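Each reported figure results from applying straightforward, stated rules to the coordinates on display, with no laboratory input. Computed from a prediction, not measured in an experiment: that's the story for all the values here. FYI the Cβ positions are ideal-geometry reconstructions off the backbone, even for glycines, and counts take in every protein chain you see.
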Amino acid sequence: MKKIFSILIIITLFLSINLSVSSCAKPSEVTVETETTPEEKAEAPAEEEAKFTTIKEGYLTVGSDITYPPFESVEGEEFVGFDMDLVREIAKRLGLEIEIVNTAWDGIFPALIANKFDIVISAVTITPERDEEMDFSDPYFDSDQSIATKEDSGIKTKADLEGKILGVQTGTTGALEAEKIAEEINITEIKTYDTILLAFEDLKAGRIDAIINDFVTSLDIVKENPGLVLAEKIKTDEKYGVVFAPDTPELLKAVNKVLKEMKEDGTYDQIYNNWFAE
């Protein structure tokens with residue numbers, strides 16, 4: 001009798017446990033989908049960014065034509081200027097050492113495309129033609145063109161360039177602007193130079209009458225050279241960008257991210273004011 005009673009107790013316990021487990025189980029055929037709100041998406045961790053590579057491990061190799069103050073020039077044995085400070089901060093935020101290679105303007109883009117540099121920063125205007133062969137960062141500087149001349153030249157506007165000899169740097173937007181002017185009025189000659197500094201030497205020597213060049217650089221140069229003036233600012237609404245070979249999209253993305261952060265946290269403004277604050 002005790003044995004039968006014990007068996008009944010075991011059976012009762014077994015049935016109780018089985019019913020309890022069954023009542024707690026989730027139906028396997030039912031799925032519940034929840035929609036993520038915009039706020040939840042914003043709080044969600046970002047996807048891991050693609051890793052960029054550089055030509056030399058641990059270094060950002062930079063090409064620049066160091067003849068274009070106040071963006072890049074030589075002071076003693078150091079490369080200085082707005083672009084130089086900007087690119088050093090970019091390299092720092094990318095966790096890289098920096099190597100800046102002084103390169104002639106006429107060969108700087110072919111060298112970049114051939115992967116001799118990771119990037120070029122050299123007051124480079126973003127143009128459709130350049131954008132077909134290379135990639136650009138988001139714009140980091142606004143620019144226009146200008147007419148620089150001697151104080152006593154009598155040149156005040158583009159119209160006064162009639163019959164004059166103009167100087168430009170080869171392969172620049174200043175050279176393109178001079179060609180546009182030559183289509184509107186009679187220009188005796190457009191002389192090209194490897195660097196803008198050589199053009200200004202010829203202007204001071206009287207071998208040319210005026211220079212068409214980026215406003216900020218020409219303004220910086222005439223301030224250091226008594227007897228030279230800026231006759232007119234030519235509105236062209238140009239924008240400078242950091243230049244990349246077309247096969248480095250991950251590095252481009254990383255630099256754009258850093259530039260954005262620098263503008264948001266005030267670092268860009270600090271660098272800008274160091275060079276352009278009046």
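One chain, two ends: Asp142 and Thr53. Fully extended at 0.36 nm per residue, the span grows by 29.1 nm beyond their Cα-Cα distance. As a ratio to 2.2 N^0.38 Å, the alpha-carbon radius of gyration computed for the range 144-238 takes the value 0.93. Phi angles of the range 232-249 translate, via the Karplus equation with coefficients 6.51, -1.76, 1.60 and θ = phi - 60°, into HN-Hα couplings of 7, 8, 9, 6, 10, 6, 7, 9, 8, x, 6, 10, 10, 5, x, 9, 10, x Hz per residue; Gly and Pro are given as x.
Residue order for Val222, Val168, fewest other beta carbons within 10 angstrom first, comes to Val222, Val168. Extending 7 Å from the Cα toward the beta-carbon at both Lys204 and Lys257 defines two label points whose distance is 4.6 nm. Proximity of backbone amide H atoms, modeled 1.01 Å from N, is registered between Ile100 and Val62 at under 5 Å, excluding neighbours fewer than 5 places apart on the same chain. Residues whose amide H falls under 5 Å from that of Thr236, counting only those 5 or more places apart or on a different chain, are Gln145, with hydrogens built in the peptide plane. Expressed as a rounded percentage, what relative contact order does the range 144-238 have, with Cα pairs under 8 Å and six or more residues apart? Contact order relative to length: 48 percent.
Residues in the range 123-138 carry Karplus couplings, in order, of 6, 8, 6, 6, 10, x, 5, 5, 5, 6, 9, 9, 10, 10, 6, 4 Hz; the curve used is 6.51 cos²θ - 1.76 cosθ + 1.60 with θ = phi - 60°, and Gly or Pro positions show x.
Can you pull out the GluC sites (Glu not before Pro) in the range 106-167 whose DSSP state is coil and whose Cβ has at most 14 other Cβ atoms within 10 Å?
Taking the range 106-167 and a limit of 14 other Cβ atoms within 10 Å, the loop GluC sites (Glu not before Pro) found are Glu151, Glu162.
Close lysine pairs were tallied over the range 144-238: pairs 8 or more places apart or on different chains with Cα atoms under 14 Å apart number 11.
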